[in-house]
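The values are calculated or read from the model by the stated rules, or taken from the named source; none is laboratory data. Since the model is a prediction, treat every value here as computed from it, not as a measurement. Cβ sites come from the backbone with ideal geometry, for glycine too, and all protein chains shown count toward neighbours.
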Amino acid sequence: MEVGKRAPAPLVEPSLEALMSGGKRLRPLLLVLCAGMGVSDRESLLKAATAIEVLHTATLIHDDIVDGAESRRGVPTAVAKYGREIAVATGDYLFAETFSELAEIGDARIVRSFAEASEGLASGELEQYRSNGVVVDVEEYLEHIKLKTAGLFKVACVAGGTLGRLTIRQVDALATYGQALGIAFQMSDDIMDLVGKPGLMGKGIGADLIEGTVTLPVIFALREGDEKTIRRVLEDPEPSPESIEAGIEAVLATDAIVKTEAWANGEIDAAIADLDFLPDCPEREFLEMVASEVVGREV
């Protein structure tokens with residue numbers, strides 16, 4: 001990818017590795033689909049799609065630094081392989097390149113939406129870091145994921161609709177769709193952290209518990225299950241494998257997973273309903289299909 005190749009010499013390799021590390025490229029896909037419901041300039045569309053994926057990659061690098069993550073998608077993270085200094089510089093470079101791509105489009109509305117999403121990402125990461133090991137309520141949890149995860153889905157849809165020259169009402173509908181989709185996506189990740197397959201997710205099984213991150217299924221389980229066992233994992237900086245396994249089993253012994261899936265499916269229903277304001281076209285059908293595949297996905 002050209003963004004990685006034009007990085008300062010010490011950052012070329014880590015930038016390319018991060019950008020080419022895999023993933024579904026869901027956010028640029030959403031942007032392209034939303035733009036496809038109208039009429040857009042191909043060059044601007046490519047730059048915006050690049051920008052959203054570069055921004056997402058930058059956030060993953062910074063997340064791994066904060067979490068001290070050793071691997072993602074089965075390969076060493078930038079911070080594990082190159083050290084904190086290079087990893088921070090790589091993430092910062094990619095953030096800067098995001099707005100370099102957007103500047104060439106020349107649409108202040110899109111730049112503003114990306115800037116607001118970036119501010120939300122920073123705020124959400126800070127709030128999550130402060131709350132690690134602390135039991136949060138559902139409203140706090142929702143606010144975190146709206147800022148950290150759903151924000152990028154929302155801006156992808158807004159930028160696509162803006163580039164496609166859709167009406168304000170249609171762009172608003174896409175914003176609502178994107179946010180609901182992002183919330184459901186994060187809830188699905190929260191479930192996979194407890195029941196997923198090792199090596200298929202970005203992180204290992206139980207990673208959120210180990211890091212002290214209180215997710216929705218954990219919130220539900222703390223209310224109705226073995227609170228003491230779950231808290232022991234959340235509050236221990238270095239929980240033992242036995243403690244982690246007991247914590248996961250304590251969550252799975254409750255209805256927490258079923259309740260989280262039900263909430264996520266409700267978000268999906270809301271997301272699809274908002275598409276009624278959009279043109280009846282193949283792109284809209286694809287957006288509906290994307291939403292329907294989020295909950296219960298394997299990867």
**Message:** Lys5 - would you say it is more than 18 Å from Gly178 (Cα to Cα), among the basic types (Lys, Arg) and at pLDDT 95 or above?
**Reply:** no
**Request:** Inspect segment 258-270 for any residue being charged (D, E, K, R), buried (at least 18 other Cβ atoms within 10 Å of the Cβ) and either within 30 Å of Gly38 (Cα to Cα) or in contact with a Phe, Trp or Tyr (Cβ under 7 Å, 6 or more places away or on another chain) (or both) and give the result as yes or no.
**Result:** yes
**Unique residue being touching a residue at least 12 places away in the same chain (Cβ under 8 Å) and surrounded by 19 or more Cβ atoms within 10 Å (Cβ to Cβ) when the list is Ile61, Ile65** = Ile61
**Request:** Would you mention how many residues in segment 23-46 are part of a helix (DSSP H, G or I), surrounded by fewer than 19 Cβ atoms within 10 Å (Cβ to Cβ) and among the charged types (D, E, K, R)?
**Result:** 2
**Single residue of Glu242, Glu283 found to be more than 19 Å from the chain's Cα centre (by Cα), free of Cβ contacts under 8 Å to residues at least 40 places away in the same chain, over 21 Å from Gly124 (Cβ atoms) and not in a loop (DSSP other than H, G, I, E, B)** = Glu242
**Message:** Being basic (Lys, Arg), within 20 Å of Leu152 (Cβ to Cβ) and surrounded by 14 or more Cβ atoms within 10 Å (Cβ to Cβ) is the filter here; which residues of segment 73-111 pass it?
**Reply:** Arg73
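This table checks each residue for (1) at pLDDT below 95; (2) out of contact with any Lys or Arg (no Cβ under 9 Å at 6 or more places or on another chain); (3) on the phi > 0 side of the Ramachandran plot; (4) aliphatic (A, V, I, L, M).
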| residue | (1), (2), (3), (4) |
| --- | --- |
| Pro241 | yes, yes, no, no |
| Glu245 | yes, yes, no, no |
| Thr260 | no, yes, no, no |
| Ile272 | yes, yes, no, yes |
**Message:** Test of understanding: among Ala89, Ala117, which residue is within 29 Å of Glu13 (Cα to Cα), in contact with a Gly (Cβ under 8 Å, 6 or more places away or on another chain) and in a helix (DSSP H, G or I)?
**Reply:** Ala117
**Prompt:** So which residues in segment 8-22 are in a loop (DSSP other than H, G, I, E, B) and more than 24 Å from the chain's Cα centre (by Cα)?
**Reply:** Pro8
**Request:** Read through the list (1) in contact (Cβ under 8 Å) with a residue 24 or more places away in the chain; (2) part of a helix (DSSP H, G or I), then give the number of the only condition that Ala273 fails.
**Result:** (1)
**Fill in**
Apart from one, (1) loosely packed, with under 14 Cβ neighbours inside 10 Å; (2) over 26 Å from the mean Cα position of the chain (by Cα) all hold for Arg232; the odd one out is (1)
**Request:** Look through segment 135-183, keep the residues that are under 12 Å from Gly124 (Cβ atoms) and in contact with a Ser or Thr (Cβ under 6 Å, 6 or more places away or on another chain), and return whichever of them is modelled with the lowest pLDDT.
**Result:** Leu147
